[in-house]
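For reference, the structure discussed in these notes is given below.
The values are calculated or read from the model by the stated rules, or taken from the named source; none is laboratory data. Everything numeric in this text was worked out from a predicted model, so none of it was measured. In this analysis, Cβ positions are derived from the backbone assuming ideal geometry, glycine residues included, and neighbour counts consider all displayed protein chains.
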Amino acid sequence: MTVYGTRPEAIKVAPVIKALEASEMLDSVTVVTGQHREMLDQVNRTFEIGPDHDLDIFEHGASLSMIVARVLERLDPVLVAEQPAAVVVQGDTSTSIAAALAAFHRGIPVVHVEAGLRSGNILSPFPEEANRKITSRIASLHLAPTMSSRDNLLREGVDPETISVTGNTVIDALLMTAEKKTPFTDPGLESLADSGRQVILVTTHRRENWGAMEGVGRALARLATIFPDAQVVMPAHRNPVVREAVLPHLQGLNNVTVTEPLAYGEFTRLLSLARVVLTDSGGVQEEAPSLGKPVLVMRQDTERPEAVDAGTVKLVGTDEERIVDEVTTLLTHQATYDAMAQAINPYGDGRSAARSVSAVLHLVCGGPRPGDWKGGSPR
Ligand code: UDP
């Protein structure tokens, strides 16, 4: 049984669900919590996944505790009815921690996809760093995306026999989707694609950045003014806190495009068109390097050090001046740009879902244990 509730989880479990469905040894049951609503349904449509159960917990303004409480309450009877051999959760959301706990309470083994990411700061990202650590304490199988996430788990005393290094399933999702060259529903984006204009792609939503969002909005407005021939494109997260802080700064600027959240196929196409990516997203930090796009991360720390070490991702924080300076440098210094714009694949090779399912089969049916993915070398 796979349980998920937000856009990033949906993208990253979609290849796993497809691989579970294709397995002759397993039946796949999917449960969505509805922690996100439209953005979750959008991903399910992209990957043609029709959930078997929908806990429908979404409520505007729900606190973290309300989300966790609702998932616990509504998932428990589904677990009792379905009696799954294992429950698969992904990442670090309130859905994943609550689903892991609900399964644990019923004595059902928990499989943690994307296990072992650590920023080292319990408050950043918040609450995700804590969610990951708690899930690691109760999971029976840890599917670590990279050797460094495996090392994080070993340092915390996790039994190495319970860890498989699979690569990150987001790269499977990206490769499944990017080759389709999805048309944009927004005609403005379609003509931007033909225009050859430089695209500065922006996504932001992190809870710990909410206080800094006004400065991010001002930085984007200044960049649009400094680079009138570039186009700032921001698919705006549904969260009203983000929208209210950032969007007023962008009004009236004709080289700024603010869109609704894009369907995954459209977003990955936009990513492939971008010159520079400015983001606080985890998933985008993983996707952009494999497309050779320099990423400036609006955070102080990251649990995804691999692309930072390789030089294609740089942490720039949320200070307005710093954001303006860093983007300006990338757009005006070709050598700096070229040094960052290398296509590297530290996060996966597109076979992570297959390895994940082999590891699940080892857990529930005693099949052979898959070998660890040792990738991460430049393409
Ligand atoms: N994404 C998308 N449409 C958008 C913006 C992002 O499909 O308009 C995808 C993106 O490719 C990535 C994921 O959503 O895979 C990231 O989600 P988000 O930034 O919400 O969460 P995080 O990765 O930070 O957990």
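If a residue must be more than 17 Å from residue 356 (Cβ to Cβ) and assigned to a helix (DSSP H, G or I), how many such residues does segment 133-157 contain?
First pass over segment 133-157, keeping only residues more than 17 Å from residue 356 (Cβ to Cβ): 133-134, 137-138, 148, 151-152, 154-157.
Then drop every residue that is not assigned to a helix (DSSP H, G or I), which leaves 133-134, 137-138, 148, 151-152, 154-155.
Residues in segment 133-157 being more than 17 Å from residue 356 (Cβ to Cβ) and assigned to a helix (DSSP H, G or I): 9 in total.
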Output for segment 233-251, where each listed residue is basic (Lys, Arg) and near the ligand (Cβ under 10 Å from one of its atoms)
238
Pick from segment 12-58 the residues that are assigned to a loop (DSSP other than H, G, I, E, B) and small (Gly, Ala, Ser): which of them is nearest to residue 260 (Cα to Cα)?
34
Does residue 173 qualify as being crowded, with 22+ Cβ neighbours inside 10 Å, within 15 Å of the ligand (Cβ to nearest atom) and under 23 Å from residue 99 (Cβ atoms)?
yes
Any hit, segment 252-269, residues being among the aromatic types (Phe, Trp, Tyr), within 15 Å of the ligand (Cβ to nearest atom) and either under 24 Å from residue 62 (Cβ atoms) or outside any helix (DSSP H, G or I) (or both):
no
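How many residues, within segment 278-309, are part of a helix (DSSP H, G or I) and either at positive phi or away from the ligand (no atom under 12 Å from the Cβ) (or both)?
So the first thing to find is which residues in segment 278-309 are part of a helix (DSSP H, G or I), and the list is 282-290, 305-309.
With either at positive phi or away from the ligand (no atom under 12 Å from the Cβ) (or both) added as a condition, the list becomes 289, 305-309.
Summing the residues that are part of a helix (DSSP H, G or I) and either at positive phi or away from the ligand (no atom under 12 Å from the Cβ) (or both) in segment 278-309 gives 6.
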So the check is Cβ under 8 Å with 6+ separation or different chains; which pairs have a first residue in segment 180-193 that's in contact (Cβ under 8 Å) with a residue 60 or more places away in the chain and more than 14 Å from residue 263 (Cα to Cα) and a second one that's of a type in the set (A, V, I, L, M, F, W, C) and surrounded by 12 or more Cβ atoms within 10 Å (Cβ to Cβ)?
192/199; 192/233; 192/273; 193/184; 193/273
Quick check on my filter: what residues within segment 114-140 are at pLDDT 95 or above and within 13 Å of the ligand (Cβ to nearest atom)?
114, 117, 119, 127, 128, 129, 131, 132
Take residue 135 and tell me if it is touching a residue at least 60 places away in the same chain (Cβ under 8 Å) and buried (at least 23 other Cβ atoms within 10 Å of the Cβ).
no
Within segment 202-210, identify whether any single residue is over 21 Å from residue 125 (Cα atoms) and in contact (Cβ under 8 Å) with a residue 12 or more places away in the chain, and answer yes or no.
no
